[in-house]
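First the structure, in the form of structure tokens, and then the observations on it.
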Amino acid sequence: MSKQRQLIAGNWKMNGSLGANAALVRALADGIGDEARCDVALAVPAPYLGQVRDLLGDAALASIALAAQDVSPHASGAYTGEVSAAMLKDFGVRYVVVGHSERRQYHGETDADVAAKARGALSAGLVPIVCVGETLAQREAGQGETVVTAQLDAVVEHLRGTAGDDAVAGIVVAYEPVWAIGTGKTATPAQAQEIHAALRRRLRQAGESTAAAVRILYGGSMNAGNAAELLAQSDIDGGLVGGASLKATDFLAIVAAAR
């Protein structure tokens with residue numbers, strides 16, 4: 001079990017506009033105030049990073065952190081359309097999501113790609129939120145734990161080999177059962193805890209202190225109605241929230257449910 005503050009990260013995905021962003025961020029900043037009982041981050045589309053940074057103002061240094069939804073594994077160069085970790089750092093980004101199931105599915109990202117992105121993010125001083133998760137077919141075949149631990153292993157082994165065990169302690173892991181993303185379906189608290197505990201056991205390969213330091217978030221259709229029960233589980237250290245992060249009242253309710 002992690003002893004760190006829980007983290008509630010909102011993933012806006014490809015949603016937003018200048019006007020809608022301003023209204024949402026102001027409502028969240030007002031609702032959370034100067035101090036939150038947990039850590040909060042907003043992962044916004046790249047074109048809006050500057051706007052949201054300015055809207056957050058001092059909150060970006062205190063109660064609400066800025067996050068990006070993806071990052072290039074390359075530091076610089078002829079990679080048209082890519083955004084480097086150093087560029088994100090320039091915009092005040094603290095966290096970056098890597099390996100989201102939509103990136104794996106629609107853009108063909110492999111475990112090796114995700115590991116390289118996590119390493120690049122850490123090198124620039126960002127905290128990668130490493131996503132892992134199984135499909136419905138894999139779960140029904142009894143392969144859920146095998147799939148997610150293999151995805152985590154790829155990142156852990158790459159970091160241990162290139163930067164040492166201390167680097168592993170710098171990541172956040174998000175378990176997002178693919179069958180529960182955007183479907184309204186949610187893993188039961190017991191199902192989620194089972195996978196989170198397996199991931200924690202895997203992290204112990206890098207040491208007990210590392211396993212305790214890494215926060216493991218649940219990312220499968222967490223909402224205002226189920227957040228409290230999910231967040232009460234011993235190995236669930238927060239949430240990666242999709243649709244509910246676009247509604248201030250819902251997202252604030254999830255933040256309030258954190259311990």
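Please give the FRET efficiency for Arg160 paired with Gln4, using the beta carbon to beta carbon distance and R0 = 22 Å, rounded to the nearest 0.05. Mind showing how you got there, number by number?
Working: r = 21 Å, r/R0 = 0.94.
With R0 = 22 Å, the Cβ-Cβ based efficiency is 0.60.
Taking only complete DSSP H runs, can you tell me which helices of the chain stretch 20 Å or more along their own long axis by Cα positions and average at least 1.0 on the Kyte-Doolittle scale? Let's see the in-between values first.
Values: long enough: 18-32 (21 Å, 1.12); 144-162 (28 Å, 0.18); 189-203 (21 Å, -0.63).
The answer, listed by residue number, is 18-32.
Add -39500 (n - 2.57) for each DSSP H run of 4 or more in the chain, then divide by its residues: what number comes out at 222 nm, to the nearest 500 deg cm²/dmol? Spell out each step's value before the answer.
Working: 12 runs with 113 residues, N = 259.
One gets -12500 deg cm²/dmol as the mean residue ellipticity at 222 nm.
For the chain, please report how many Lys pairs fall under 19 Å Cα to Cα, leaving out neighbours fewer than 8 apart on the same chain.
On the way: Lys13/Lys117; Lys13/Lys185; Lys13/Lys247; Lys89/Lys117; Lys185/Lys247.
Total qualifying Lys-Lys pairs in the chain comes to 5.
Counting other Cβ atoms within 10 Å, which GluC sites (Glu not before Pro) in the stretch 45-144 have at most 12 and lie in a DSSP loop? Numbers along the way, then the final one.
Values: sites: Glu82, Glu102, Glu109, Glu134, Glu140; in loops: Glu82, Glu109, Glu134.
For GluC sites (Glu not before Pro) across the stretch 45-144 that sit outside H, G, I, E and B with at most 12 neighbouring Cβ atoms in 10 Å, the list is empty.
Just so you know, all these numbers are worked out from the coordinates, no wet-lab data involved. These figures come from a predicted structure and were not determined experimentally. For neighbour counting, all protein chains shown are included, and Cβ atoms are generated from backbone atoms with ideal geometry for every residue, glycine included.
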